[in-house]
Every structure is written in C-alpha cells, then in structure tokens.
Amino acid sequence: MVSKEIHIKGIVQGVGFRPFVFSMAKKYNITGWVRNSSAGVDILANGTPQDIGGFITEVKTNPPPLAKIDEIFESDINSDDYNDFTILQSQKIPGEFIPISPDVSICSECQKELFDPGNHRYRYPFINCTNCGPRLTIIKEIPYDRPNTTMAEFSMCDRCQTEYDNPLDRRFHAQPIACPDCGPQVWFESSTSAPKNGESGIQQARHFLKDGKIIAIKGLGGFHLACDALNREAVSNLRQRKKRSDKPFATMVFGIETVEKYCQINDAEKILIESPERPIVILLRKKGTHIPEQIAPGMKTLGVMLAYTPLHLLLLEPENGYPDLFVMTSGNIYDETITYTNESAKEVLYSIADGFLFHNRDINIRIDDSVITEYNGQKYFYRRSRGYAPNAIILPNRSPEILAVGGELKNTFCLTKKKYAFISHHIGDLKNMETYQAFTEGIANYQHMFNAKPQFIACDLHPEYLSTKYAYHYSKANNIPLLQVQHHHAHLAACLADNTWDSDENVIGICLDGTGYGLDKQIWGCEILIGGYRMFQRKFHLEYMPLPGGDSAILHPNRIAAAYLWKLGLPWDDHISSIKSLTSEEKSVMKRQLESHINTPNTSSMGRLFDAVASLIGLRHTINYEAQAAIELEQITEPSITDAYKFEITENIINLNSVISNILSDINHSIHGAVISTKFHNTIANLILFLCKQIEKENNLHHVALSGGVWQNQYLLRKTYQILTEEGFSVLIHHHIPPNDGGISLGQAVIANKHYK
Ligand code: ZN
Ligand code: ZN
Ligand code: FE
C-alpha cells in the first residue's frame with residue numbers, strides 16, 4: 001500500500017469535482033478523503049501502487065465537463081489507515097484563493113428533465129445541477145457555498161437536501177439547487193392584466209410576444225428586452241422606445257435548427273454557438289429570409305444566441321403559429337448599463353416594456369451577453385462577458401497582485417495574482433454614472449472574490465479618463481505606486497499576453513483604433529510600433545489630421561471628411577457628398593475652427609479615416625452608435641475585388657494625399673461605393689505589409705501583432721492576415737480577449753508586471 005497527498009488547482013469547485021473524485025476512489029478501491037479548500041481541492045489517497053496510478057490518471061484526464069485543472073501536485077506521505085473514502089468539510093486557508101466558475105448555460109440532462117412530464121422539476125424555470133446554472137452572478141462571498149450566494153434565502157426542501165447531500169447525485173453540492181417546492185418563482189406583470197404566477201405567467205408572456213408586444217425578462221445577468229424579431233412594428237417600437245436607432249439587435253432562438261433557418265453556419269460556428277458559454281455569435285444571414293431591415297440596418301450579419309437558461313427555453317418553446325426568432329437585447333435605455341433588479345427594471349424599463357417577466361432570485365453581479373465571431377476555427381471576441389468572466393487568462397510569468405483599470409469605453413478591469421489574470425466582465429462606458437458605479441463595485445467584488453490586495457496599479461495615459469482618475473485616487477488612498485501606460489502600447493501587450501508570449505524579444509505592433517492618448521498629447525490611432533512588454537517605439541503613424549470640435553466630430557463623419565479635405569488642400573466642392581451634406585452654418589463654424597486651431601486636436605486615428613471614407617462615398621454622414629460608419633463601410637466590401645490605391649510614406653509618416661485624391665477621382669468617375677470601399681480596405685492591408693517588410697529589413701523582426709478596435713473589421717483582418725502570412729510573417733491575433741478597448745486592462749497589467757520592483 002502507498003499513500004499520496006494530492007492538491008489540485010483550477011476551476012474545481014462547484015463543478016461536481018468532489019463527487020467525481022469520490023466515484024473514482026470507489027472504482028480504484030482507494031481509501032482516504034477529498035475536501036475543498038480555499039486553495040483548490042485536496043485529496044488523501046491510500047491504495048496499491050497500481051490503483052493509485054489509475055486513480056490519478058483518471059482524475060487528470062477525465063474530469064467533469066466544467067472543471068478546469070491548472071496544476072496538480074502529488075507527494076508521498078505516511079498516512080493513517082482509513083476504512084473508507086469520504087468527503088470532508090471545506091477548509092479555509094488564509095490568503096489563498098481559487099478561481100470561480102463563470103455562469104453556465106443549462107446542460108442537456110437538465111433540459112431533458114425540464115420537458116419530461118414525469119420529472120419532479122418538469123417546467124421549473126430554475127432547474128440546474130452541478131454541471132450547469134448560475135455562478136458568478138449569484139456569488140456574494142467566498143468560498144462558493146449556498147449561504148454565500150443569493151440562493152441563501154431559499155431553504156432547501158427535504159428532497160433537494162437529500163440530492164444535495166448525496167455524493168452520487170448529479171446535484172451533490174449544487175449550490176443553486178432548487179425545485180418548484182422550495183426555489184425561486186417567476187411571475188408576470190403588466191398594466192393591462194392582473195399579475196400571473198408561475199406557468200400561467202410564462203404563458204402570458206408568450207401571448208404578449210406572439211401579439212407583437214415588448215416584454216422585459218429577468219434573466220441570468222440582468223434584464224433583456226424581447227419581441228418577435230419578424231414583426232416589423234414590434235421591432236420599430238422597440239427601437240423608438242429604447243432610443244436605439246440603428247445599432248444591431250441581438251436575437252435568441254430555442255435551438256440550432258432555427259439558427260440554420262436564418263443564417264449560414266459552419267461547423268466551427270456551430271461549436272461556438274452550442275458551447276456551454278452560449279455567446280451571441282455573429283453569423284452571415286441567409287438570403288431571402290423575412291428578417292426586417294430594422295433588426296440590423298446596413299448589416300449582412302445577424303447576432304444570434306441559443307436560449308441558455310430554463311426560463312428562456314420555456315419562453316421560446318416552439319409551437320405552431322408562435323414566433324421562432326426573438327430580439328433579445330439588454331434591458332436599458334440607449335447605451336446605459338444593463339438593469340438587474342426588479343425595482344430598477346420597473347423604473348427604467350417602464351416606458352419600453354408592455355409587460356415584465358420577473359423572478360425572485362437576486363442577481364448580485366450584472367453581466368451582459370458575450371459577443372463573438374469565428375476566425376480560422378477559433379474564437380474572436382467583440383465582447384467578453386457572460387460565460388467567460390471571471391475565467392483567468394494564464395500569464396506567461398508570475399505576477400504580483402496588480403490592478404489594471406482599463407480604458408473609458410468598453411471598459412474592463414484586470415486583477416492579477418500568481419499566474420492568473422482575472423479580466424472582468426464587460427463593464428461599458430464609464431461616462432455613464434451607473435456604469436461607473438458598476439466599475440467601482442466590480443473592482444471591490446473581484447478583489448474580495450480572489451482575495452487580492454493590489455501592490456501596484458496601472459491605468460491609461462489619458463488624464464481625463466474616469467478610470468485614470470480612479471487610479472490616481474486609489475494609488476494615493478492605498479499608498480501603492482501607479483503606472484500610466486500609453487494606450488497603444490497596452491493594446492500591443494494585450495495581444496502578446498493573449499498569445500502567451502513569454503519572450504523579451506520585440507515584435508511589430510499594428511495598433512489601429514479610434515482614439516488613444518499619445519505621448520505627445522495628440523490623439524493617436526494608427527500606430528505601427530516596435531516593442532514588447534517593457535517598452536515601445538513609434539515607428540510609423542498616419543499623418544496628423546484635424547478634428548474640428550474634438551470628440552463631438554466623431555458623431556459626424558461628414559465633418560471629419562471635410563476637415564481631411566481642408567488639411568490636404570483639396571477643395572470643398574458641393575458635388576462631394578460629404579460637403580453637400582453640411583449646412584453652411586456647419587461649414588463656417590468648421591472653417592473658423594480649422595483656421596484658428598481652436599478646439600481642434602490632431603489625430604492619427606485609423607477609425608477616423610474609415611469614417612471619412614464612408615462619408616466621402618455618401619454611405620453615412622452622421623452616426624448613432626460607435627464605429628457605425630466604419631462598420632457599414634466594411635459591410636459593402638466585395639472580396640472578389642483585389643485593386644487598391646497607392647499610398648505615400650515620407651520618413652515615418654503615412655501620407656493621405658494620394659489615397660484621398662484617388663478616392664475622389666473614383667467618385668468623379670461614378671465608381672460604385674462598394675468598389676471604392678474594397679479598394680480602400682485593400683490599401684490598408686497593403687500598407688501594413690509594406691511597413692512590416694520595411695521593419696523586417698531594418699530591425700530583423702518577423703512577428704506581427706494585430707490589436708485595436710479596427711481589427712474587429714473582419715474583411716481587413718482576413719486580408720491582412722493572409723498577405724502577411726503569405727510573406728512569411730508570423731501573425732499574432734486575439735483569441736481570448738477582444739482586440740478593442742475591452743482588452744487593454746490585460747495589456748496594462750502585463751506591462752506593469754514588467755515594471756514592478
Ligand atoms: Zn444541469
Ligand atoms: Zn426543493
Ligand atoms: Fe483602443
């Protein structure tokens with residue numbers, strides 16, 4: 001007989017790990033015990049060398065579906081004899097922590113039970129088990145035990161308790177375990193009918209949806225607003241009431257068959273959409289469907305997710321004459337933070353929803369849906385949130401405890417500890433007061449959950465970002481050093497860390513985005529860098545263009561186009577669509593600003609160049625959501641077109657004169673906008689290849705990292721990736737975090753790690 005002490009780190013709690021160990025111990029005749037600790041799972045195993053070997057191999061290679069083993073330590077010990085194998089009480093180790101599981105969509109076994117009339121939990125909207133259900137959204141305290149969740153107020157009935165206590169049950173220690181007798185309940189409220197509870201409430205909500213009404217549904221991480229996606233009037237009403245003119249709506253369906261009815265979907269996309277994380281996947285729409293234009297104006301794509309909670313399944317269950325495609329958009333007005341309490345939903349969504357499907361399981365942390373697309377068979381994030389947060393990114397090097405507060409738009413923050421970087425769920429635009437509150441509360445929450453006390457804090461260089469101001473204050477209040485990181489350096493480092501880059505070697509960083517505060521206090525955004533975690537050098541950038549009116553110009557691509565023409569000495573002819581769209585008042589104000597440089601910062605932004613081109617070809621002159629003009633410009637590209645414009649480079653500046661002049665000439669020759677757009681995209685890809693070759697020659701660098709919000713552009717990404725790899729470059733793109741500002745907190749954290757000490 002031998003004895004082993006085994007310690008396992010990773011996501012091993014709340015995922016059925018101990019019952020799994022228990023059943024493996026029985027299989028291999030092992031005696032001893034297993035227990036959760038605040039550092040992971042500990043096992044003491046006695047058995048023959050052969051049985052112990054088999055036991056450990058199976059624990060390593062065959063863990064439950066949601067478990068994620070990061071490290072296993074084994075050591076030989078002298079142990080007492082045990083007659084049996086048991087599950088012991090949890091043990092708390094001061095200062096230790098374990099990663100917490102994200103929320104998980106309903107598993108197939110629970111789904112089967114949900115629709116099985118013989119099952120005790122038949123049609124119960126909160127059915128869950130150790131393999132599925134809410135996690136992060138209900139956790140108030142660690143360790144993850146029921147009294148530390150928002151399920152604490154529901155006391156288990158005898159039946160649930162028996163399942164909870166039985167190591168051989170699928171619900172052994174499933175903290176959110178519940179049934180119709182003891183768990184949370186739903187009800188439906190509207191101004192036109194009496195409140196209805198449970199099943200009849202769900203049926204009432206279904207009637208509302210069928211009748212073209214808008215309902216608010218309390219889901220996993222907050223409220224959604226839903227309506228029949230094929231009902232034009234309902235969709236228009238929702239747009240009007242929510243004050244959301246054009247930004248695409250996400251949709252939800254019951255099952256994969258409906259996705260296939262409306263969208264093209266390949267095998268890799270199918271795996272993503274059916275994964276337990278259940279993100280919104282951006283898919284190409286099929287031609288000839290009856291999806292109204294208002295769902296996603298100007299787009300060829302559709303964001304779709306599968307129903308991911310039992311409540312969604314009951315609400316969307318297929319039936320003859322019942323809709324099959326539903327708008328499922330965040331419960332908020334315009335772009336505010338997602339509503340997550342019953343009280344605030346009544347207040348905020350009152351003017352939008354015709355009815356409310358409520359429930360009484362509280363949401364402790366609000367979380368938006370994740371948005372993803374597939375690239376080369378892998379995930380490519382637009383927004384990393386529900387289902388993924390707070391999963392850690394494994395760092396290339398151990399890190400002290402660092403708090404990195406991210407940017408201003410699409411904010412996330414990041415907390416590092418040992419080899420882990422915990423990147424928060426999507427927080428949003430910090431200028432919104434409620435969102436800012438979610439940011440500060442989120443930081444407090446994560447510090448608490450992961451038992452972290454930051455020794456170093458990192459933020460952006462922009463002095464006016466609210467996250468920067470927060471960092472100044474935090475640094476003073478806690479007496480810890482602060483590092484300000486240039487925005488595009490953070491993008492570059494984020495892409496390196498995303499690829500577990502562990503070298504001090506420099507790479508070429510192609511950082512393209514809308515706005516980032518530069519070392520010279522100008523607005524940067526098309527930055528060809530050489531650098532790594534430690535430092536960077538600005539090798540090339542787009543020539544500076546004026547931005548009359550500063551940030552407010554961003555909403556008016558026509559003003560950007562006009563300013564670029566002015567700077568390049570090109571006339572403001574009224575036959576140019578951008579110029580024609582401006583009022584004479586606008587033009588004279590702009591002239592004054594441009595001549596006097598008052599409130600007219602300089603920018604080398606790539607995002608603004610896309611805006612200008614979209615306006616020049618008459619595609620879009622004003623926008624009502626972020627990057628709208630650039631997104632629509634991408635949507636009209638034609639992959640069969642391979643032409644491009646010429647560009648000029650003087651020293652380290654990319655000049656715009658020839659590109660813009662040639663675009664104007666194409667416009668004069670009535671060349672179709674789709675052709676101009678594609679040629680423009682191809683030009684940027686060619687430009688990047690040219691600059692990379694130049695740097696390769698001078699600096700002998702072969703790795704290229706693509707980061708920044710512009711890399712959400714799939715046409716540009718595919719084109720650039722293709723021509724760079726064809727020329728032998730090794731191209732690093734994002735896989736685990738978005739290329740946009742949702743990723744910069746990780747970049748700040750890894751840069752800070754290199755500067756610590
Ligand atoms: Zn389940
Ligand atoms: Zn029960
Ligand atoms: Fe950025």
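Find which of L315, N342, G298 sits farthest along the positive direction of the dipole of region 268-347, computed with +1 on the beta-carbon of Lys and Arg, -1 on that of Asp and Glu, about the Cα centre. Farthest towards the positive pole: G298. Multiplying the residue separation of S596 and N657 by 0.36 nm and removing their Cα-Cα distance gives an extension gain of 19.7 nm. Figure legend: label point modelled 7 angstrom from the Cα of N478 along Cα→Cβ; residues of region 432-469 with amide N under 15 Å from it are 439-460, 467-469.
Here the peptides 178-184, 151-157 are ranked by packing, the mean other Cβ count within 10 Å, and the order with the highest first is 178-184, 151-157. With coordinates expressed along the principal axes, the C-alpha atoms belonging to region 570-700 extend over 52, 36, 29 Å, beginning with the largest. Greater than 32 Å separation of Cα atoms is the criterion. Which listed pairs, K410/K539; K213/K286; K242/K453, meet it? Violating the 32 Å Cα-Cα cut-off are K242/K453.
About the centre of its Cα atoms, region 205-288 shows a dipole size close to 540 debye [charges on the beta carbon of Lys, Arg (+1) and Asp, Glu (-1) only; nearest 20 debye]. Under the classification rounded if a/c is under 1.5, otherwise prolate if a/b is larger than b/c and oblate if not, where does region 718-757 fall, given a ≥ b ≥ c as square roots of the Cα gyration tensor eigenvalues? Judged from the Cα gyration tensor, region 718-757 comes out oblate (a/c at least 1.5, b/c at or above a/b).
Simple rule: put +1 on each Lys or Arg Cβ and -1 on each Asp or Glu Cβ in the chain, find the dipole, and look at Y721, A612, P19; the Cα lying farthest toward the positive end is A612. Sequentially through region 625-640, phi angles give Karplus couplings (6.51, -1.76, 1.60; θ = phi - 60°) of 8, 4, 6, 4, 5, 5, 5, 5, 5, 5, 4, 8, 5, 10, x, 6 Hz, Gly and Pro residues having no value and appearing as x. When the charge dipole of the chain is built from unit charges on Cβ atoms (+1 for Lys and Arg, -1 for Asp and Glu) and taken about the Cα centre, the candidate among H702, T440, N46 whose Cα reaches farthest toward its positive end is T440. How would region 451-568 be classified by its alpha-carbon gyration tensor: rounded, prolate or oblate, with rounded meaning a/c under 1.5 and the a/b versus b/c comparison settling the rest? Cα axes put region 451-568 in the oblate bin. With a Förster radius of 30 Å, plug the Cβ-Cβ distance of Y322 and K112 into 1/(1 + (r/R0)^6) and report the FRET value to the nearest 0.05. Efficiency for this residue pair is about 0.90. Straight-line reach from K60: which aspartates and glutamates have Cα under 19 Å away, leaving out those fewer than 8 places along the same chain? Excluding near neighbours in sequence, the set is E5, D42, D51, D70, E71, E74, D76. In the distance distribution for region 25-178, Cα-Cα pairs more than 20 Å apart total 57 percent. Qualifying chymotrypsin sites (Phe, Trp or Tyr not before Pro) in region 300-404, where qualification requires a DSSP coil assignment and no more than 12 other C-beta atoms within 10 Å, comprise Y334, Y350.
Computed from the Kirkwood radius of its Cα pairs, the Stokes-Einstein diffusion coefficient for region 92-216 at 37 °C and 0.692 mPa s stands at 201 µm²/s.
Kirkwood radius and radius of gyration were both taken over the C-alpha atoms of region 231-284, and their ratio Rg/Rh is 1.05. Taking the Cα centre of the chain as origin and assigning +1 to Lys and Arg Cβ atoms and -1 to Asp and Glu Cβ atoms, the resulting dipole is close to 720 debye. Applying a 4.7 Å Cβ-Cβ cutoff to the chain, the cysteines left without a disulfide-compatible partner are C110, C129, C160, C179, C227, C263, C414, C459, C495, C511, C526, C692. Rounded to the nearest 500, the helix-only mean residue ellipticity at 222 nm of the chain stands at -10000 deg cm²/dmol, with each DSSP H run of n ≥ 4 adding -39,500 (n - 2.57). Which of rounded, prolate or oblate describes region 357-419 when judged by the alpha-carbon gyration tensor and an a/c cut-off of 1.5? The shape class here is oblate. The value for the chain of Rg(Cα) / (2.2 N^0.38 Å) is 1.00. Relative to the dominant Cα principal axis of the chain, helix 744-755 is inclined by about 80°. When the GluC sites (Glu not before Pro) in region 696-757 are filtered for DSSP coil states and for at most 16 other beta-carbon atoms within 10 Å of their beta-carbon, the remaining sites are E727. Can you tell me which aspartates and glutamates have their Cα less than 14 Å from the Cα of K693? Leave out same-chain residues fewer than eight positions away. Leaving aside aspartates and glutamates fewer than 8 places away in the same chain, those within reach of K693 are E726, E727. The tail of the calculated P(r) for region 241-338, taken as Cα-Cα distances beyond 19 Å, holds 43 percent of the pairs.
Using a simple spin-label model with pseudo-atoms 7 Å out from Cα toward Cβ, K587 and A194 lie 6.7 nm apart. Of the trypsin sites (Lys or Arg not before Pro) found in region 190-254, those that fall in a DSSP loop while having at most 15 other beta-carbon atoms within 10 Å are K243. The distance between label points at N397 and H448 comes to 3.3 nm (points 7 Å beyond Cα on the Cα→Cβ vector). Local charge for G428 was computed over the other residues whose Cβ lies under 14 Å away, with Lys and Arg +1 and Asp and Glu -1, and equals -3. Stretched out straight at 0.36 nm per residue, the stretch from Q203 to T650 would grow longer than its current Cα-Cα span by 154.2 nm. For E58 and K580, the difference between the fully extended length at 0.36 nm per residue and the C-alpha to C-alpha distance is 180.8 nm. With both residues required to sit in the chain, DSSP beta bridges show an antiparallel share near 75%.
Values quoted throughout were computed directly from the atomic coordinates according to the rules given, and no laboratory measurement underlies them. Please read these numbers as outputs of a predicted model, since none were measured by experiment. Because the Cβ atoms are built from the backbone with ideal geometry, glycine has one as well, and the counts that use them run over all protein chains shown.
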